[in-house]
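Please read the structure below before turning to the comments.
Taken together, the values in this text are just the output of simple stated rules run on the coordinates, not laboratory data. What you see is a predicted model; the values in this text were computed from it and never measured. We place every Cβ from the backbone using ideal geometry, glycine too, and count neighbours over all the protein chains shown.
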Amino acid sequence: MENERFTKKKILIVATIGIVAVILVAVLLLAGEFNITQYLDEFTPPIMIVMGFELSIPVLFIVSFFTSDTIKKYLRVAGVVILVGLVGFYFYIPFMPIDISPNHPDEEWDSGSVVHILPAVTENRFLIKTSYEEPVEDPQLLVGGIPAKKMKMDTYGYFWGFDAQGLTPDTTYTLTLQDHTGNNLCDIWTLKTYPSRTSSPESVRIVSFTGSGGHDACRSWFGTGQMPLRLRKKIMNRALSFNPDILVGTGDQIYYDIKYGATPQSLGMSRRAVQHNGKFDFDKEVWGTKNEEVLKNAVDCQISYLYGTAFRSTPTYFIFDDHDYFVNDEAREKDSINFQLLMVWLNPYVEGGLSLPPKGLPLKLGRAAQKLYLPEFLPDQNLPKELPYTNESGRFEDVSECFGALRYGDLLEGVFYDTRRLKTVVDENGDFLGEDAVFIPKEAEDWLIQRMTANETEHVINFSPISYGWSAGKWGSWYPDVKITEDGKPVLTKEEEKYAWQEGWYLQHNRILGATQRSKSTQLFVCGDMHTQTAGWITRSGTVDLTDNPVASVLVGSLGANGGSYPSGGLRGIEAAPPVDLEVTEELPSYEKSGFVVMDITRDDITITFYGWRMDMDRESEIETLESHFTFEIPSAS
C-alpha cells in the first residue's frame, strides 16, 4: 500500500512538471509561430537560471502537498524565498549600473572638456559638430587662425557647431578651439580639405559600417542587446587604425525606439533606460523641455561617447535609417499582445501602425539628434538646393539633412540619401499609393540618376541606408519578399502579401539600378540596415537585365550587433538572402559578425576588405589586431 501511494505521488509530481512545461510552450505559441532555434539565441545563461527559479516555485508548492509535514514546510519556505528573491531582482533591474565614458584613444592629445568632435569636409568648406562636459559660453574655432562661423546647437551650450567657408582645396589646416576668454578647450588638431573636383588624385580610403548605435542601459539583464560601448569603442578604434581618409556611417547611429512594435519595450521604453535617462513626453516639444535632457542622456552614449575625439581629423558622413528616428521598421494592422515578452519580464503590449515615414515626436527627436551630434551634408554644385530639408532654419547655410554628395577630384563621386524620412505609403485620404509610392522624392531620384550617369569621375558609389541585393523580409525594403517556413526552414517568398508594402518602391529601385547601365563610371552600392556582411553582383532585377554589366553591391555590416539582432536571430529569424525577383552572384554570402569594411579606391579598381568580430564567438583580445576575413575586388569600368 505504501509503495502504491509513493508511486502515485511520483506520477503526480511528474505530471505537475509536465503540465507546467506544456503551459510555457502554450504561452509561446499564443504569440504566433514558434521556432526553437530562434529563441535559443535569447536563452543566455542568466535567463536560463532565472527561468529555472521561476519554474521551481510552482513545482515546489505542488510537490509539497505530497510530502510529510516537515518536508512540506521546507519546500514552501524555499518557494517563498525564491519568489521574494525574484521580485527583488525585478525591482533592481532598472538600477543596474552602466559604465560609459567618451572615446579619447590618443593619450598624447589632451581632449580637455571636449566630449566629441565630428567634421564634414569638401574641397573648400568644413562643418564641425562638438560637445562638452559643461556648458560653454561663446566658444570660437580658429581655422588657420581665422574664426569660423558658430552656432549653439542646444538650449544650454553643451553643443556647438562651426562652419568654415572659402578654404583652399587639398590643404591641411590647423584648428584651435577656444572659450570666450581665449583659453584652449583642447589641444590643437589638423583637418584637410579634399582635392579640387578637377584634380586627379590617385587613391582614397573609406571605412564604412552600419548599426553603430546602442545604449548600455538598453542591454537586457540577461545579456542581449547591442554590444556594450566598451567593445564598440574597441572595434571603432580598430577601424581608425587603418588611417581612413573618410568615414561613412550608413545608418542606425541610434537605437532607442520609443514607438511601434515590440522593440520599444527593450530599448527606449524599457524600465532600465527610463531610470537612467528619463522618459520622453509625447505632448512636449524637444527644445527647452525635459525632452531635450532625455534626448541627450539617450544619445550621448551612442554617438558622442562612441566617436569622442577619435575622428577629429577624419571627414565623416552619416545617413539616417529607421532607428535614427527612434522607431523600428514596422507595419502592423493593429495593436497586439506578445506573450513571449513576458518570458523576459518585458511589457507584452505591441503597438500597431506604420512606423515610417517618421512623424510627431520620433521625427522631431531624429532631427534634433542630427543637429546636436552629427554634421549634415555640405552643399555641392550639383546638389539641388530645392531638395526637401535643405537650408532649413537653425542649420548652417545650404546644408542638407537628407541628401549629400562626396566629390574627391575626378576619382570618386559618392551620393547619400535618406530613404526613411520622405518615403511615401498612403495619400492624403489614407489610401495606399501602390505604384506611385517612393522611398526618395522624384526630384531626388532625378538628381541621383543624373549624378550616376554624369561620367565625371572614375567611380560612383551609392551609399544607401537600405540594401540593394539582399532581403530578410522586412517591411521597409525595396522588395516584396516575406519570410515563411518551408520544410522546417525559413525562406523568402513573394507569394504571400506583405502588409502595406508598395510596388512603387521596387519600381524606383529598378530605375536606379537601370541607370548603372547608362554610365561609363564604375558603379558600386554600399548598403547598411541589415546586421550582416555580404558582397556580390546583381545581374537581374525583375525585367531589368544587368547581365552585360553586373552591379556590385555590398552590405557593410553592423559595428555593434549582438546575438538576436543578426538577421537569423530573434527579430527576423532568417539569414539575409537575394530577393525572389533578383539574380545575384554572391561572392560573400551572409556573414553574421559585427565589424566594418575598408574600401581602397584607386584608378584601377575598388578593393573592399571585410572585418568581423562576434561577441559570443571571438575573444576580446582579438579586436586590436582584427584581420580581414574576405576581399572583394571591383575593376574599373574604364
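Where does the chain land at 222 nm, in deg cm²/dmol rounded to the nearest 500, when only DSSP H runs of n ≥ 4 count, each adding -39500 (n - 2.57), divided by all residues? Provide the component values of the computation, followed by the final result.
Details: 11 runs with 150 residues, N = 638.
Per the formula, -7500 deg cm²/dmol.
Are there trypsin sites (Lys or Arg not before Pro) in the stretch 277-341 that DSSP marks as loop and that have at most 16 other Cβ atoms within 10 Å, and which are they?
Numbers: sites: Lys279, Lys284, Lys290, Lys296, Arg312, Arg332, Lys334; in loops: Lys279, Lys284, Arg312, Lys334.
Here the trypsin sites (Lys or Arg not before Pro) that fit, given the DSSP loop and packing criteria, are Lys279, Lys284, Lys334.
Once the piece of chain linking Asn347 and Asn183 is laid out straight, how much longer is it, given 0.36 nm per residue of separation minus the C-alpha distance between them?
Values: separation 164, 0.36 × 164 = 59.04 nm, distance 5.03 nm.
Gain on stretching Asn347 to Asn183: 54.0 nm.
Determine the alpha carbon to alpha carbon distance for each of Lys152/Lys423; Lys259/Lys474; Lys150/Lys364; Lys259/Lys334; Lys284/Lys364 and list only those over 21 Å. Walk me through the numbers before you get to the answer.
Details: Lys152/Lys423 30 Å; Lys259/Lys474 17 Å; Lys150/Lys364 23 Å; Lys259/Lys334 14 Å; Lys284/Lys364 11 Å.
Listed pairs above 21 Å: Lys152/Lys423; Lys150/Lys364.
How far, in nm, would the chain grow between Lys73 and Arg205 when pulled straight, counting 0.36 nm per residue and subtracting the alpha carbon separation? Spell out each step's value before the answer.
Values: separation 132, 0.36 × 132 = 47.52 nm, distance 7.07 nm.
Contour length minus the Cα-Cα distance gives 40.5 nm.
Enter the angle in degrees (range 0 to 90, nearest 10) between the Cα long axis of helix 360-373 and the first principal axis of the Cα atoms of the chain, meaning the one along which they spread out most.
The angle comes out near 60 degrees.
How much length is gained on full extension from Asp106 to Ile93, taking 0.36 nm per residue of separation minus their Cα-Cα distance? Can you show the working numbers first?
Numbers: separation 13, 0.36 × 13 = 4.68 nm, distance 3.50 nm.
Working it through step by step, the gained length comes to 1.2 nm.
Ser638 to Asp427: FRET efficiency via 1/(1 + (r/R0)^6), r the Cβ-Cβ distance, R0 41 Å, to the nearest 0.05?
Step by step, r from the Cβ atoms, then E = 0.40.
So which GluC sites (Glu not before Pro) in the stretch 492-523 pass both tests, a DSSP loop state and at most 16 other Cβ atoms within 10 Å of the Cβ?
Values: sites: Glu495, Glu496, Glu497, Glu503; in loops: Glu495, Glu496, Glu497.
Within the stretch 492-523, the qualifying GluC sites (Glu not before Pro) (loop, at most 16 other Cβ atoms within 10 Å) are Glu495, Glu496, Glu497.
Please list, or write none, the lysines whose alpha carbon is within less than 16 Å of the alpha carbon of Lys234, excluding same-chain residues fewer than 8 places away.
Lys593
Please give the helix 45-64 orientation as an angle from the longest Cα principal axis of the chain, in degrees from 0 to 90, rounded to the nearest 10.
Helix 45-64 sits roughly 20 degrees off the main axis of the chain.
How far is it, in nm, from the label point at Phe242 to the one at Ser196 when both lie 7 Å from their Cα along the line to the Cβ?
It works out to 3.2 nm between the two label points.
Sticking with the crude label model, points 7 Å out along Cα→Cβ, report the distance from Glu587 to Asn297 in nm, one decimal please.
With each label point 7 Å from Cα toward Cβ, the separation is 4.7 nm.
With a Förster radius of 56 Å, plug the Cβ-Cβ distance of Phe282 and Ile82 into 1/(1 + (r/R0)^6) and report the FRET value to the nearest 0.05. Walk me through the numbers on the way to the answer.
Details: r = 39 Å, r/R0 = 0.69.
After rounding, the FRET efficiency stands at 0.90.
Under 12 Å from a label point 7 Å along Cα→Cβ of Ile146: give me every residue in the stretch 152-187 with its amide N that close.
Only 164-169 pass the distance filter.
In the stretch 228-316, what chymotrypsin sites (Phe, Trp or Tyr not before Pro) fall in a loop by DSSP, with at most 16 other Cβ atoms inside 10 Å? The partial results should precede the final answer.
Numbers: sites: Phe242, Tyr255, Tyr256, Tyr260, Phe280, Phe282, Trp287, Tyr305, Tyr307, Phe311; in loops: Phe242, Tyr255, Tyr256, Tyr260, Phe280, Phe282, Trp287, Phe311.
The qualifying sites are Phe242, Phe282, Trp287.
Using alpha carbons only, how many degrees (0 to 90, rounded to 10) separate the axis of helix 229-240 from the longest principal axis of the chain?
In the chain, helix 229-240 runs at an angle near 30 degrees to the longest axis.
At 7 Å along the Cα-to-beta-carbon direction for both Thr172 and Asp604, put a label point, then send me their distance in nm to one decimal.
My value for the distance between the label points is 2.7 nm.
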